[in-house]
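Rule-based calculations on the coordinates, nothing more; no lab input. Just so it is clear, the structure is predicted and the values come from calculations on it, not from any experiment. Methodologically, a virtual Cβ is constructed for each residue, glycine included, from the backbone with ideal geometry; neighbour enumeration extends over all protein chains shown.
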Amino acid sequence: MNRIGRVEPVDGAEHRIAAGWAPPSLIVIVLLGAMVGCHDGRTFCTDWYLNRVSRPFDTTEPRVDAMAPRSSGGAAIPGASERSGTQSPDGPSSGLARLPDGFPGAAAPPLALPPREGNTPSEAWLSAFDGLYPALPTPPETGQPETGQPEGERLSLATLQAMAMEHSPRILQVAGEVESARGSMIQAGLYPNPWIGYQSDTVNTANTRGYHGIGISQDIVTMGKVALSRQAAGFDLQVAELALERTRFEVASDLRARYFELVVLAERRKLAHAMTGLCDRIYQAQVDLARGGETAPYEPMQLRVLSLQSRGELERIDQSSLGAWRRLAATIGVPELPMSDLSGRADDAIPLVDFDRLAARMLANHTDLRTAWNQVAKAEVLLRLAEVTPFPNLTVTTAIQRDYTFVPGTTSYNLQVGGDVPVFDRNQGNIVTARGNLYQAEQSVDRARNALLGDLAEAFSRYEANRRIARTYRNGALPDQVRVFRAIYDRYRTDPLELRFNDVVVAQQTLGSLLNQYLDLLGGQWNALVDLGRVAQADDLFSLGAVEEVEPIPEIEMPESDR
């Protein structure tokens, strides 16, 4: 006869099946197996016997009687015990439910309730059940501190931009640089001062007092060099003024980005607060069903987790809003500005931008291109200045003196006129340098144009993609999912035994996820529009194109049956 071999330990557990002689019935089974096509009797018999007498170490029979939901008639609901989630009496550390040491929440006690008998649960059962589901913490009602802002008054983007133009230290700093450039231009255009002083010659010659008088010297700048220097410095002043204009656009763009970030966060908070209320209602409805024995007691626990997560999302949004406001206040230059409501909405109408028209507008007025052209003009002037520099300036010196070498003496004068002779140094090296600088400046125009067009194309692609996808969500996906959610929830409220609560949870999470995706698209759309305004240097974002009206974000409302 065949002998049954040993089963080796699994995961360190010593499951061993004592070896023994197979019973006679096993021989009959082997023969029957061979008749029906079992080609390996030993394998068949071994598997059959192992399945019959062996018991895996990590498998325990769950207790389902205490947690089994019951119908209104008091009988257990078919299949409810399989999804009741009751753990082994050995606790959460036994069997497949064992969690790694140090795992957050691993020390939580198992879900366990006393046995429920009949339609009316005992006081002990109700007390234990209510202990599993204490009251949820109250979600915060507002995401910002009290500001003392008048009722109904909201800060607009235009108001904040005006404040930034007045207070931003970045703008004030560059304004100081403009004044410095203005001073440099004035200085470059000033003519050299004359020299005047006392002169004496041949003192004590023949025991006389010699010559005494005053001397005057003046450099005469030739070939219009002073005018050329002033003209070159004038271009530096224009570049500084363009830098100030550019800084104003940059500050305005940074402010717009912070503004729309806050606007989207405000809509996110509104959505998160609505989702919190929705989670709470569904959770409470599930608690009521579980208390009545119509669903498994573990099911509300999953919904409670969602409610707590929604409160965490509110906290995250509140802190993000506070941080965004502080960045906005710092951008304005008034960091102590109290947090206030804003007049904009994430679903405000957005301008429809035409790329070619905006590109033409940008190339005609952008400060980078105007700066590049000014640098070209300055380089041309400096080249001309380098070419005329070899022509010498004249130095004229004269002196008027009294001659005391004889009596009664007389008045005499001296005159000296001269300058450098450009024999060796004719400024050849500086002329070559000036020509190279002019060539670089000319190339910078094309480089600036190409860079601007590239930045505009990148921002426009993001703007157009977000705008089109947001329209798809707004006109299709969102209305469909809102209808689906309301229908599922309404059916669940009227027929909870036919529709699983997981379907409600999935529909709720899908709706929340879809709305958050829509807000991401709106946020990306506004950010891209801000970048378009930054690249095109638009004074007003809404002047970039005709305004496209946008449907408001749908409100998350409970079905009529739940109100």
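At Leu415 and Tyr198, where each label point lies 7 Å from the Cα along Cα→Cβ, what is the point-to-point distance in nanometres?
2.7
Under 5 Å between amide hydrogens, which residues at least 5 positions from Tyr404 or on another chain qualify, with H placed 1.01 Å from N in the peptide plane?
Result for Tyr404 returns Gly210, Tyr211, His212.
Alpha carbon centre of the range 378-412 versus the range 335-357: separation in Å?
What the calculation gives is 66 Å, centre to centre.
Tabulate in residue order the Karplus-calculated ³J(HN,Hα) for the range 444-454, using 6.51 cos²θ - 1.76 cosθ + 1.60 with θ = phi - 60°, rounded to whole Hz; enter x for Gly and Pro.
Computed from phi, the couplings for the range 444-454 are 5, 5, 5, 4, 5, 4, 5, 5, 5, 5, x Hz.
Whole-Hz Karplus ³J(HN,Hα) for the range 395-407, in order, using 6.51 cos²θ - 1.76 cosθ + 1.60 and θ = phi - 60°, x for Gly and Pro?
The phi angles translate into 10, 10, 10, 9, 9, 10, 9, 9, 8, 9, 7, 8, 10 Hz.
Determine the shape class of the range 209-327: with a ≥ b ≥ c the square roots of the Cα gyration tensor eigenvalues, call it rounded for a/c under 1.5, and otherwise prolate if a/b is greater than b/c, oblate otherwise. Write down the numbers at each step before the final one.
Numbers: a/c = 10.04, a/b = 5.55, b/c = 1.81.
Prolate, because a/c is 1.5 or more and a/b exceeds b/c.
As a test of understanding, state the convex hull volume per residue of the range 389-537 from its alpha carbons, in Å³.
Numbers: hull volume 35.4 nm³, N = 149.
Dividing the Cα hull volume of the range 389-537 by its residue count gives 238 Å³.
Label points 7 Å out from Cα along the Cβ direction at Asp490 and Glu153: separation in nm?
Those two pseudo-labels are separated by 4.5 nm.
Quick check: pseudo-label points 7 Å beyond the Cα along Cα→Cβ at Val305 and Ala107, how many nm apart are they?
Each label point lies 7 Å from its Cα, and together they span 2.0 nm.
When the Cα centres of the range 174-215 and the range 320-334 are compared, how far apart do they sit, in Å?
55
Give the calculated FRET efficiency between Tyr439 and Ala227 to the nearest 0.05, with a Förster radius of 22 Å applied to their Cβ-Cβ distance. Present the calculation step by step, with values, prior to reporting the outcome.
Details: r = 24 Å, r/R0 = 1.11.
It comes to 0.35.
Using the beta-carbon distance between Tyr298 and Glu549 and R0 = 51 Å, what value does 1/(1 + (r/R0)^6) give for FRET efficiency, to the nearest 0.05?
Numbers: r = 48 Å, r/R0 = 0.94.
Using R0 = 51 Å, I get an efficiency of 0.60.
Under 18 Å from a point 7 Å along the Cα-to-Cβ line of Ser320: which residues of the range 264-280 have their amide N that close?
Flagged as within label range: 264-277.
Hey, what do the phi angles of the range 244-251 turn into as Karplus ³J(HN,Hα) couplings, whole Hz, using 6.51/-1.76/1.60 and θ = phi - 60°, x for Gly and Pro?
After applying 6.51 cos²θ - 1.76 cosθ + 1.60, I find 5, 4, 5, 4, 4, 5, 5, 5 Hz.
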